[in-house]
Amino acid sequence: MLRQKRPLTFLIFILIVSTDVLETVAQFCFKKTALLQHSVAITSISDVLRFISLAVANPFLWLALFAISVIFCLWITILSKIDLSVAIPVASFSYITIPLVSIIFFGEKIPFLRWIGIGFILLGVVLVSLSSHRQGKEA
């Protein structure tokens, strides 16, 4: 069954950016949850259960899970509108936002070579977006 190629519209682009923002929020919350568990040494099954019970009691974990649930709903909508081969590369903005959040909130250091890689990812996002836009005009 042949189907018509669907271009990347502004609305779909905004939905994809929303999933990236939510992905960044989710990863931030997962990291906060993990940092709050750092004092738990896991050497036995009871330690694992204690770790899990402390994590489940953490509101950051629940916020992360909520964000992931919203991402799921948005992603299903996005994939019903555009090709997967377009959606995945465009949804790579979190490769930029997550390191920025890591620097700002966790004091992480990002080496220059990694920033160059992030720059290539951003260039790829632009190229995929442009190719999708041109594809939509040709169809």
Can you give me the relative contact order of the chain as a percent, contacts being Cα pairs under 8 Å and 6 or more apart? 40
For Gln37 and Glu108, what is the calculated FRET efficiency with R₀ set at 25 Å and r taken between the beta-carbons, to the nearest 0.05? 0.85
Taking the square root of 5 times each eigenvalue of the Cα gyration tensor, what semi-axes in Å does the equivalent ellipsoid of region 1-119 have, largest first? 33, 20, 12
Taking the chain, the lysine pairs whose C-alpha atoms sit under 24 Å apart (8 or more places apart or on different chains) add up to 5
Order by neighbour count: Asp20, Asp47, fewest other Cβ atoms within 10 Å first, most last. Asp47, Asp20
Gain on full stretching of the segment that runs from Ile68 to Trp115 - 0.36 nm per residue minus C-alpha separation: 14.3 nm
In deg cm²/dmol, rounded to 500, what helix-only [θ] at 222 nm does the chain give when every DSSP H run of at least 4 residues adds -39500 (n - 2.57) and the total is split over its residues? -26500 deg cm²/dmol
From fewest to most C-beta neighbours within 10 Å, the residues Arg50, Arg114 line up as Arg114, Arg50
Under 5 Å from the placed amide H of Asp83, counting only residues 5+ away or on other chains, we find Arg6
Between Leu123 and Val56, with labels modelled 7 Å along Cα→Cβ, what's the label distance in nm to one decimal, could you check? 4.8
Using the per-residue mean of other Cβ atoms lying within 10 Å as a proxy for protection, in what order, highest first, do the peptides 51-58, 65-72 fall? 65-72, 51-58
Calculate the spin-label point distance for Val21 paired with Thr77, positioning each point 7 Å from the Cα along the beta-carbon direction, and give it in nanometres. 1.3
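Each reported figure results from applying straightforward, stated rules to the coordinates on display, with no laboratory input. What you are looking at is a predicted structure, and each value in this text was computed from that prediction instead of being measured. Please note: Cβ atoms are built from the backbone with ideal geometry, for glycine as well, and neighbour counts cover all protein chains shown.
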